[in-house]
Amino acid sequence: MKKRAEKRNGNLFRPLIGILLLGAFIYPAASDAAPERAEGPATRFSDLTITEIMYNPLNNPTNEFIEIYNTSPVDMDISGFQLKGEIDFTFPANTTLSGNRYIVVAKDTSTINGSKGPWLGSLNDAGGTIKLYSNHGVLHCHAEYNDNYLWPKAADGFGHSLVLARPDYG
């Protein structure tokens, strides 16, 4: 019984995150739009969340990027933080993400002004996982993306990115 509980608890958030991301990346129809929300901390685990993924850009694979949002009103020093999974990137020294602001990490920094990068590797066009670790190796957040049914087709090579509709949901 103990081993079963450990296994279940160890995987507790995996289906929740998949459901959360799956639902959050799909834009509702205008009539189904959620009421206005005040932005706030994303989760109890971290104030950082991955809010946008351009994994299969139209015509130019070097236009890939990932956007991270600081849901806290407090500035955060992200020097030495790492993006891992499909790609590998370490934020350089003296990198601060201001409170309630975004930072973009790009495969090719010449394609997006003010972005950080470049990273090693490439975002898989069929789907994958992106994880953000602190400079001490602590997992702050992760996002799984896919090009299968229920994920927006427009993000799969048609010029659109996956955008987290409600960053404060985590």
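Quick look at the values:
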| item | result |
| --- | --- |
| Total residues in segment 120-145, condition more than 11 Å from the chain's Cα centre (by Cα), open to solvent by 40 Å² or more (accessible area, probe 1.4 Å) and not charged (D, E, K, R) | 11 |
| Flag for Tyr55 being of a type in the set (Ser, Thr, Tyr), touching a Leu at 6+ places or on another chain (Cβ under 6 Å) and either in contact (Cβ under 8 Å) with a residue 40 or more places away in the chain or within 19 Å of Gly128 (Cβ to Cβ) (or both) | yes |
| Test: Leu164 is over 16 Å from the mean Cα position of the chain (by Cα) and among the aliphatic types (A, V, I, L, M) | no |
| Residue check for Lys107: of a type in the set (D, E, K, R) and buried (at least 17 other Cβ atoms within 10 Å of the Cβ) | yes |
| Number of the exception - Arg37 against (1) among the basic types (Lys, Arg); (2) at pLDDT below 90; (3) not in a loop (DSSP other than H, G, I, E, B) | (3) |
| Residue count, segment 66-106 (criterion: outside any loop (DSSP other than H, G, I, E, B) and either over 27 Å from Ala155 (Cα atoms) or of a type in the set (Asp, Glu) (or both)) | 5 |
| The lone exception for Asn148 - which of (1) in a loop (DSSP other than H, G, I, E, B); (2) surrounded by 15 or more Cβ atoms within 10 Å (Cβ to Cβ) it fails | (2) |
| Residue count for segment 77-104, restricted to those that are open to solvent by 40 Å² or more (accessible area, probe 1.4 Å) and not basic (Lys, Arg) | 13 |
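The values are calculated or read from the model by the stated rules, or taken from the named source; none is laboratory data. Given the structure is predicted, the values throughout are model-derived calculations rather than measurements. In this analysis, Cβ positions are derived from the backbone assuming ideal geometry, glycine residues included, and neighbour counts consider all displayed protein chains. Note: areas computed on protein heavy atoms with side chains; ligands, DNA, RNA excluded. Shrake-Rupley method; radii C 1.70, N 1.55, O 1.52, S 1.80 Å.
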